[in-house]
Every structure is written in structure tokens, then in C-alpha cells.
Amino acid sequence: MNFYNRNFLAKELDRWQKEDVVDKATALKIANLYDIDIDAHSEKTSFILKLVAYLFFALAFFTLVGAYWEEIPRMGRLVIIFGVLALLNFGGVYYLKKGKDKLGTATLFLGNFCYGAAIALIAQMYNISDEPSGGVLLWSVGAMALSFASKKALLVAQSLVFATIWFVLKGMDGEFAYEFIVFIALGAYMLYKSDSIFLAIVLLADIFFYIISLCARISGFNEFYGYDDLMFRAPMAATLSLSYALLLVALFSTLASFRDRLAHLVKGFGKYLGIVILIVCLIAYANGDIYELEEDKFWFAKAFFYSSFGKIFAVFSIASIALFFKEKNKSGLFLGLILFALPFVFSLGVGYANIFFSLANIIVAAVLIKNGELTLGLCMIFLVAVVRYFELIGDYLGATALFIIFAFVVLAVAAKKGGKK
């Protein structure tokens with residue numbers, strides 16, 4: 001049973017006990033069959049509720065202090081700032097040493113937010129007019145140092161979010177923060193040590209964002225964020241993003257051989273990232289020509305593979321196809337080969353890209369349905385149907401043919417699943 005199904009079963013076992021469907025002994029027997037810790041699930045829920053409660057306490061405190069902030073003498077303000085920081089940080093460390101991990105983590109989590117607020121307040125008090133990115137960098141470094149020392153994945157993920165804000169601010173100023181890779185490396189090490197869902201999501205998103213931004217930097221930062229050039233390079237970013245998502249899915253078997261939970265986290269992120277990108281592209285390229293075609297038939301493909309986007313895309317795609325081939329995964333191989341054709345499709349124009357993404361969404365939906373994810377697969381098919389329907393308003397024959405094709409796709413998948421049974 002995979003990680004997500006175990007989580008679902010843990011919730012159900014907890015609910016069944018409360019509703020007297022099963023007794024505790026029976027629930028424990030079921031949990032042991034699938035290596036589920038029921039108590040850990042209950043503790044996790046309690047921890048999340050406590051964390052939310054602490055955040056509300058903090059909001060109440062800062063609202064009260066903020067109402068009288070200007071009337072408090074400067075020395076009094078400093079005492080409040082450093083007093084709150086000391087209370088939260090030393091309190092968090094104290095709780096961790098006492099073995100109260102949940103309470104200690106929640107206290108340090110709140111302390112990291114207060115550290116950022118303290119930097120902003122002190123800068124305001126002393127009229128320090130540095131770039132905002134400088135203060136956010138100080139916030140990120142301080143939070144990461146404490147979080148990494150505490151060995152808590154949630155705190156490291158929180159610090160990564162702060163670092164991401166700094167990375168974005170530097171990018172908005174036209175600079176590329178190469179040092180961001182240090183934060184990513186620390187996050188990767190912590191994820192290796194502890195399989196945290198929140199940390200996995202933040203880390204994989206940051207790696208994705210860093211790769212896209214690095215390619216944009218090499219291609220020309222200012223040009224990339226300009227409207228005309230964005231319309232030209234957006235297909236490049238989309239194509240590279242899909243190869244990154246497919247690679248994460250392809251890594252599943254390799255990671256599962258030594259870290260099953262981590263493998264499911266990585267695969268899940270890649271799957272949903274790919275689906276989101278496919279849907280966004282389906283909508284984005286639904287109507288109109290957003291860039292002009294060139295006389296050269298494969299102009300976009302040549303420009304793409306010459307660029308940094310294309311080179312990294314080639315590495316990711318070849319690695320994905322090799323991994324799928326090794327595992328004899330026919331669906332993965334099929335998706336990898338289709339993806340490799342995307343740059344050439346973009347060369348033919350937005351109309352062909354529109355058809356490509358419609359078919360790609362249907363194929364992915366069919367694979368999802370085949371693998372048991374019926375709801376998600378059907379949602380993708382119906383979304384394609386809605387988008388294409390609005391395009392084909394007035395073309396009744398075209399719309400009719402489209403819906404018949406969708407019907408046959410769903411019936412074919414249903415027949416295949418029924419045949420297995």
C-alpha cells in the first residue's frame with residue numbers, strides 16, 4: 001500500500017474507533033498489517049491544531065502591541081522585540097531538550113516569524129534604508145541556521161519559504177541569486193534524513209523554480225520577463241517543466257528501493273505538477289496566435305534545443321525514457337516519447353500546440369484512470385471537453401465528433417480495467 005493510501009486508512013481507522021465501528025484491538029491489527037501508526041496520526045492532527053492556536057496567540061499579541069507601538073519609547077520597543085525573540089527561541093530549545101518535540105517545534109516555528117518581524121521593526125526604528133532583499137536574506141539565514149540545528153524538517157521548510165521570497169526579490173531587481181542553491185542543498189539533506197511532506201513540496205518546487213530561473217538568466221533575464229519575449233519563451237519554460245515533472249515520476253522505482261515514503265512524495269509532486277502544467281497550457285494556447293511563425297519549418301525546435309532550456313530538457317527527457325525503459329513501464333515510455341515531440345509541435349504554430357495539449361491531457365487522463373485514479377482522470381477529460389466545446393461553438397459536427405472520441409476513450413479504458421478483473 002502506498003503512502004497516500006496508508007494516510008487515508010489511518011484517518012479511517014481513527015474515525016471508525018470514534019464511531020464504534022471497530023474496537024481499538026481490531027484497529028491496531030489492521031494498522032499493523034499495513035505498517036500504520038494510528039497514534040502518530042492523532043498526534044499529527046493535534047500538533048497542527050496547536051500550531052494554528054499559537055499563530056492566533058501571536059496575532060493577538062502583535063495586534064495589541066501594534067496599536068500602541070508609536071507611543072512606546074525606543075528602548076521599550078527593543079526590550080519587547082528581544083524579549084519576545086528570547087522567550088520563543090529559548091523556550092523552543094528548552095521544550096526540545098525536554099522531549100516535547102511538537103511543542104518545541106511549534107514554538108520555534110512562531111519564533112522564526114517573529115525574527116523576520118523583528119528585523120523589519122528595527123530597520124524602521126533606525127531608518128535603515130537597505131534593499132528589502134537584504135533584510136529577507138538576513139531573515140532566511142538566521143531562520144535556516146536555527147532550523148537546521150534543531151533537525152526539524154518543518155522548520156527547514158519554513159526557512160526555505162523565506163529564502164524563496166528573497167530569491168524572487170533578487171530576480172525582480174534583475175539579479176540572480178546563485179547562493180539560493182545553498183538553501184536547496186540544506187533542504188535536500190534534511191529531506192533525506194526525514195520524509196516530510198511539507199518539506200518535499202517546498203524543496204521540489206524550489207528546485208523547479210531555480211532551474212527555470214537559471215535558464216531564463218542564461219537566456220537573458222530582462223528579455224525573459226518582457227512581454228514579447230515571454231510569449232516566445234513561455235513555451236520553452238512549459239516544455240522544460242513537463243520534462244522535470246516526468247523525471248520525478250520516473251525516479252519512483254529507483255527511490256522506492258531504499259526510501260518508499262520519499263519515493264511516493266517525489267512521484268506525487270511530479271504527477272500533480274505535470275497535470276497542472278498540462279491544464280494551464282491547454283487553456284493558454286486555446287485561442288489565437290501568441291507568436292509569429294517563421295519561414296523555417298522547425299524554427300522553434302532549433303531555437304529551443306540551442307538554448308539552455310532545450311539542453312536541460314534533453315537531459316531530463318533522456319533520463320526519464322531510460323528509467324522507464326529499465327522498469328519496462330510502457331505508459332511512461334509513451335509519455336516520454338510524446339513529450340520529446342512537443343518542441344517540433346510548437347514550431348508548427350499555436351493551433352497545433354492546442355491540439356497537442358488536448359490529446360496530451362486525454363492520454364494522461366487515460367493513464368490515471370487505468371492506474372485507479374478515476375476522479376482525477378475524468379476531471380481532466382471533462383476539462384478538455386469544456387475548453388474545446390467553447391472553441392467549437394457553432395461547429396456542431398466538430399463538437400459532436402469530439403464528444404464521441406471522448407466517449408470511446410473512456411469506454412476503452414473501462415473495458416481494459418474490466419478485462420483485468
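Here, each number is a calculation from the coordinates, and none is a lab measurement. Note that the structure is predicted; figures quoted are calculated from it, not measured. Counting neighbours? That spans all protein chains shown, and the Cβs are built from the backbone with ideal geometry, glycine included.
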**Report entry** Charge sum, other residues only, whose C-beta stays under 12 Å from residue 91's C-beta, Lys/Arg counted +1 and Asp/Glu -1
**Finding:** +3
Query raised in the report: When ranked by the protection proxy of mean other Cβ atoms within 10 Å per residue, highest first, what sequence do the peptides 366-376, 240-250 form?
Result: 240-250, 366-376
Query raised in the report: Beyond 16 Å, what share of the Cα-Cα pairs of the stretch 295-346 remains, rounded to the nearest whole percent?
Result: 44 percent
Query raised in the report: For the stretch 84-197, what class follows from the C-alpha gyration tensor (a ≥ b ≥ c being the square roots of its eigenvalues): rounded when a/c is under 1.5, otherwise prolate if a/b is larger than b/c, else oblate?
Result: oblate
Report summary line: Here the net charge surrounding residue 177, from other residues whose Cβ is less than 11 Å away from its Cβ (Lys, Arg +1; Asp, Glu -1), is -1
Query raised in the report: For the stretch 131-145, in order, what is each residue's ³J(HN,Hα) by Karplus, 6.51 cos²θ - 1.76 cosθ + 1.60 with θ = phi - 60°, in whole Hz (x at glycine and Pro)?
Result: 4, x, 4, x, x, 5, 5, 4, 4, 5, 5, x, 5, 5, 4
Requested in this report: Given a cut-off of 20 Å, name the pairs among 297/330; 151/267; 152/193 whose C-alpha atoms lie farther apart than that in the structure shown.
Outcome: 297/330; 151/267
Requested in this report: Rank by packing, highest mean first: peptides 153-164, 48-59, 107-118, with packing defined as the count of other Cβ atoms within 10 Å averaged across residues.
Outcome: 153-164, 107-118, 48-59
Query - Calculated from backbone phi, Karplus (6.51, -1.76, 1.60) coupling profile of the stretch 69-74 in Hz, x at Gly/Pro - result: 4, 5, 7, 7, x, 4
